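Below is one structure, written out as structure tokens; the observations come after it.
The values are calculated or read from the model by the stated rules, or taken from the named source; none is laboratory data. Nothing here was measured: the structure is a model prediction, and the numbers come from that model. In this analysis, Cβ positions are derived from the backbone assuming ideal geometry, glycine residues included, and neighbour counts consider all displayed protein chains.
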């Protein structure tokens, strides 16, 4: 088997089956969040946590949305894990940040969270808090979407093309989808560096 060829063939299959209606719903929520002066909290664990850090940069710098990733505060993350339990790390962080109805959670997850099986329970508790406080919930997830797909206002489920590639494809496509969002002219508030250089334009300040 030529694995690289198969992997990229699966990338193409996913590209042709991503639910663009859900992407549009995500776009509407993000635009409304910015217009209301709300904040975007991006949550994930494992490889998805690393994606959160990158995405926060893009939504802040390119789109002018006040965005945060709780995983970036490793001191608080580990303190809460040690003192209160792993399941609390996001919900309690959001309580201190006074999560409210103007805010939005964005969930990056392969499985979407499952409280009963204790898989990514910290994401589930965060989403339950968001529902209590009427905050919006967005998701980019894999498999069947888990708890995220059940409660989100908009959720892109990365189709499972191969059972052997669920995690790498889901985490890779998180990046594809969020880059699609931040580069959309409806949300983009300033040009990316190389695009502005190639056009011979002066790099603008973010318009918010």
Go through (1) part of a helix (DSSP H, G or I); (2) over 15 Å from the mean Cα position of the chain (by Cα); (3) under 20 Å from residue 112 (Cβ atoms) for residue 32 and report which single condition fails.
(3)
Taking the criterion of being within 28 Å of residue 35 (Cα to Cα), under 19 Å from the mean Cα position of the chain (by Cα), modelled with pLDDT of 95 or more and part of a strand (DSSP E or B), would at least one residue in the stretch 141-151 satisfy it?
yes
Which residue pairs have Cβ atoms under 8 Å apart, sit 6 or more places apart or on different chains, and have a first residue in the stretch 5-34 that is farther than 18 Å from residue 159 by Cβ and a second that is modelled with pLDDT of 95 or more and part of a helix (DSSP H, G or I)?
27/181; 30/59; 30/181
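Yes/no per residue for (1) closer than 22 Å to residue 10 by Cβ; (2) free of Cβ contacts under 8 Å to residues at least 24 places away in the same chain; (3) assigned to a helix (DSSP H, G or I):
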{"site": "92", "(1), (2), (3)": "no, yes, yes"}
{"site": "98", "(1), (2), (3)": "no, yes, no"}
{"site": "106", "(1), (2), (3)": "no, no, no"}
{"site": "116", "(1), (2), (3)": "no, yes, no"}
{"site": "128", "(1), (2), (3)": "no, no, yes"}
{"site": "156", "(1), (2), (3)": "yes, no, no"}
{"site": "164", "(1), (2), (3)": "yes, yes, yes"}
{"site": "167", "(1), (2), (3)": "yes, no, yes"}
{"site": "179", "(1), (2), (3)": "yes, no, yes"}
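Just give me the residues in the stretch 39-90 being in contact with a strand residue (DSSP E or B) (Cβ under 7 Å, 6 or more places away or on another chain), under 26 Å from residue 158 (Cβ atoms) and not in a helix (DSSP H, G or I), in sequence order.
Those that are in contact with a strand residue (DSSP E or B) (Cβ under 7 Å, 6 or more places away or on another chain), under 26 Å from residue 158 (Cβ atoms) and not in a helix (DSSP H, G or I): 39, 40, 41, 42, 43, 44, 65, 67, 68, 69, 90.
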Tell me which residues, restricted to the stretch 87-106, are on the phi < 0 side of the Ramachandran plot and surrounded by fewer than 17 Cβ atoms within 10 Å (Cβ to Cβ).
95, 96, 97, 100, 101, 102
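Among the candidates 172, 126, single out the residue that is surrounded by fewer than 22 Cβ atoms within 10 Å (Cβ to Cβ), under 18 Å from the mean Cα position of the chain (by Cα) and either within 17 Å of residue 44 (Cβ to Cβ) or modelled with pLDDT under 95 (or both).
Values: 126 fails: surrounded by fewer than 22 Cβ atoms within 10 Å (Cβ to Cβ).
Just a single option satisfies the conditions, and that option is 172.
Consider residue 163 carefully, then state whether it is at pLDDT below 90 and more than 20 Å from residue 54 (Cα to Cα).
Values: at pLDDT below 90: no; more than 20 Å from residue 54 (Cα to Cα): yes.
Answer is no for this residue.
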